[in-house]
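Undergrad: Starting off with a structure, shown below.
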Amino acid sequence: MNVAAVLVVYTTVVGFAAPRLILRARWPHRAPALAAAVWQALAVSFSIGIALFAHHLAMPTEHLHAGLVGLLHSCGFDVEVGRPDPGLTDPLAVGVPAAVAIALAASFTFQVMRARRARAAHREALDLVGRHSARLSATVLPYDLPAAYCLPGRRPRVVVSDAAVRALTPEQLGAVLEHEQAHIAGRHHLVLASVEAFHSVFRRLPLARHAREQTALLLEMIADDRALRHHSDEVLATAMYEMAAARPPAGALAAGGHTVLIRLQRVLGPREAPHPALWSSVAAVAVAVPLLPLLVACPPGLG
């Protein structure tokens, strides 16, 4: 089996089979940060695999080493393995993989800028109708439903409705605010932008669809876990239930929303950390997966 065929098999496994295995597993909700990293690693690995597959199709008779050296030289980098034959830097061999990278980078930039514009417009509206609460370190917004969300980015802001301030106890409100601060501190908006970008480029791919859906859920669980460090399960669960009907504006991350039922079951149910052996094994896979396409296309010892 040649390298191109192996890469086809590999990307098929990563893009179609791997998501099913993760969705059937129980450990992702027990270790949401690790699970989110695995989804990111799979997306990176699939992208590299597709780019290398395109590169190999354009240069079927040349080893990947030569093509990569040619790519580096075409970008102005000097390498010590010798300047490649100009024929190795076939425009198609460089252009197609580069197009994949450019599409992903452009889509990520678009997602980030679009969300930034939406948050900027929403901040202007908040300045007009909201009031800053020094006690809560948040903006209080007149709204009939209990709600809380954050506007991440360069000028982060936590927003809570006055209905939430009235309906929640101080402990519940504190848990909600800590949940939102976790989104800001973790820069979760950038993680969401990356999976949105991957989905926009590979829209029909199961990996892209599930990575976007599951990452959004896992990030909420990560924020829940931070709130649970200083607040009880019942306090957070009650606050989440009160705000289940609220929907965040574009570009924001919220404690409520359509994932509340799944998160409530997790918060109120038994939560056990994954076994250290499982945790370390999955972490090792997350680190190694992005490198596997390179090992497939360029096995050690070949030159």
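Undergrad: Give segment 153-180 a look and list any residue that's buried (at least 21 other Cβ atoms within 10 Å of the Cβ) and either β-branched (Val, Ile, Thr) or in a strand (DSSP E or B) (or both), or say none.
TA: Across segment 153-180, the qualifying residues are Arg157, Val158, Val159, Val160, Ser161, Val176.
Undergrad: Can Val285 be described as surrounded by 12 or more Cβ atoms within 10 Å (Cβ to Cβ), more than 24 Å from the chain's Cα centre (by Cα) and β-branched (Val, Ile, Thr)?
TA: It is false that Val285 is surrounded by 12 or more Cβ atoms within 10 Å (Cβ to Cβ), more than 24 Å from the chain's Cα centre (by Cα) and β-branched (Val, Ile, Thr).
Undergrad: If you don't mind, there's one more thing I want to ask. Please identify the pairs in which a residue from segment 40-52 that is more than 20 Å from Val282 (Cβ to Cβ) has its Cβ atom under 7 Å from the Cβ atom of a residue that is aromatic (Phe, Trp, Tyr) and not in a helix (DSSP H, G or I), counting only partners at least 6 apart or on another chain.
TA: No pair meets every condition.
Undergrad: Quick one: how many residues across segment 96-152 are of a type outside the set (Val, Ile, Thr) and either under 20 Å from the mean Cα position of the chain (by Cα) or in a helix (DSSP H, G or I) (or both)?
TA: 32
Undergrad: So, one more: For the structure I just gave you, tell me whether Ala138 is touching a strand residue (DSSP E or B) at 6+ places or on another chain (Cβ under 7 Å), under 24 Å from Leu190 (Cβ atoms) and surrounded by 14 or more Cβ atoms within 10 Å (Cβ to Cβ).
TA: yes
Undergrad: Something else: Of all residues in segment 204-251 being at pLDDT below 95, under 28 Å from Val44 (Cβ atoms) and not hydrophobic (A, V, I, L, M, F, W, C), which is surrounded by the fewest Cβ atoms within 10 Å (Cβ to Cβ)?
TA: This residue is Arg204.
The values are calculated or read from the model by the stated rules, or taken from the named source; none is laboratory data. Quick caveat: nothing in here was measured; it's all calculated off a predicted structure. All Cβ positions, glycine included, derive from the backbone under ideal geometry; neighbour counts span all protein chains shown.
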